[in-house]
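In what follows, a single structure is set out as structure tokens and then discussed.
The values are calculated or read from the model by the stated rules, or taken from the named source; none is laboratory data. Predicted model only: the values in this text are computed from it and were never measured. Cβ sites come from the backbone with ideal geometry, for glycine too, and all protein chains shown count toward neighbours.
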Amino acid sequence: MPSLLNSFFNITRKNIKVENNMQNEHPDARKPDLLRSKLTLETALISWRELEVHHARGSVVQVSADLDLTEVGYQLTEDNRAQFQQWLDSGEVGTVADEDAHAWHQENTELWALVVAPWVLVQYRPKKPADARLQ
């Protein structure tokens, strides 16, 4: 999926230029720990139905439950092409399959989401029964 990788970084680079302008005003804005904390705070649960319009535009990226959603967002902002290529090749990051989108719509699924403009990173984590958390 080289074209998907290129589209990630060609569009994201434009947004990074805007963030770099912010760095001049706020010198700590690009410190890795602060950026990761900011991304963590911007991560939230959202209904798939609210994301469908973004999916239709092709801006939703699915992230495997095995990955840290915040770290994926961080690597995207840092323009880490090598890491993203690994994730794309392994299938841990990619477009949302139509079957998943349909199932999520039918079940009104909530997903973890993180916006790294213009992308919306989503991650499905099945809910665990309350009893399982207590053990």
* When you look at residue 67, is it among the aliphatic types (A, V, I, L, M) and in a loop (DSSP other than H, G, I, E, B), yes or no? -> yes
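With respect to residue 72, determine if the residue is closer than 21 Å to residue 36 by Cβ, in a strand (DSSP E or B) and touching a Leu at 6+ places or on another chain (Cβ under 9 Å).
no
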* Within region 88-109, can one find any residue that is surrounded by fewer than 16 Cβ atoms within 10 Å (Cβ to Cβ), at pLDDT 95 or above, more than 15 Å from the chain's Cα centre (by Cα) and under 30 Å from residue 31 (Cα atoms)? -> yes
* To do: Those residues that are surrounded by fewer than 20 Cβ atoms within 10 Å (Cβ to Cβ), part of a strand (DSSP E or B) and not small (Gly, Ala, Ser), I need them from region 42-61; list them, please.
  => 45, 46
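In region 68-77, which residues are more than 8 Å from the chain's Cα centre (by Cα), under 16 Å from residue 44 (Cα atoms) and in contact (Cβ under 8 Å) with a residue 24 or more places away in the chain?
71, 74
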* Tally, over region 62-87, of residues that are surrounded by 14 or more Cβ atoms within 10 Å (Cβ to Cβ) and among the small types (Gly, Ala, Ser) -> 2
* Structure fact -> Inside region 115-128, the number of residues satisfying the requirement of being farther than 13 Å from residue 48 by Cα and buried (at least 19 other Cβ atoms within 10 Å of the Cβ) is 2
* Collect the residues in region 76-107 that are in contact with a helix residue (DSSP H, G or I) (Cβ under 7 Å, 6 or more places away or on another chain) and farther than 20 Å from residue 58 by Cα, keeping them in residue-number order. => 83
